[in-house]
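Novice: Below is a structure I'd like to ask you about.
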């Protein structure tokens, strides 16, 4: 399987979300972390299974289970690059100026 690399801002989004959920309900941040790890594992198994949303840049998305988040990613030759860990209520496409 290809390694997964988080774009710096996506990594910050992930850590902030874990902290947010953990502050609200102890253990919920850990559950979010587990669900994200499962989502990343699914992407690693077959990245092409997830639909292209920006074909010209090769950006695909996975909607997480149990949390209102979408992982936007690019399947590169040597790695899977996570562009954003986006909350569904944020402004759509806020992350689209990030390099792919």
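Readers should treat all values here as calculations from the given coordinates under stated rules, not as data from a laboratory. Not measured: the values here are computed from a predicted model. Cβ: placed from backbone, ideal geometry, glycine included. Neighbour counts: every protein chain shown.
Novice: Give me the orientation-averaged projected area of the Cα convex hull of the chain, in nm², one decimal.
Specialist: Hull-based average projected area comes out at 6.1 nm².
Novice: Would you mind computing, in nm to one decimal, how far apart the modelled labels at residue 16 and residue 41 are, each placed 7 Å from Cα along Cα→Cβ?
Specialist: 2.8 nm
Novice: To the nearest µm²/s, what D does Stokes-Einstein give for segment 1-56 at 25 °C and 0.890 mPa s, using the Kirkwood radius over alpha carbon pairs as Rh?
Specialist: Answer, rounded: 192 µm²/s.
Novice: Among 15-21, 81-87, how do they line up from the highest to the lowest mean number of other beta-carbon atoms within 10 Å?
Specialist: Descending packing order for the listed peptides: 81-87, 15-21.
Novice: Quote to one decimal, in nm, the extra length available between residue 98 and residue 2 on full extension: 0.36 nm per residue of separation minus the C-alpha distance between them.
Specialist: 32.4 nm
Novice: When the chain is fully extended, how far beyond the present Cα-Cα distance does residue 24 get from residue 53, taking 0.36 nm per residue of separation?
Specialist: Using 0.36 nm per residue and subtracting the Cα-Cα distance, I get 7.2 nm.
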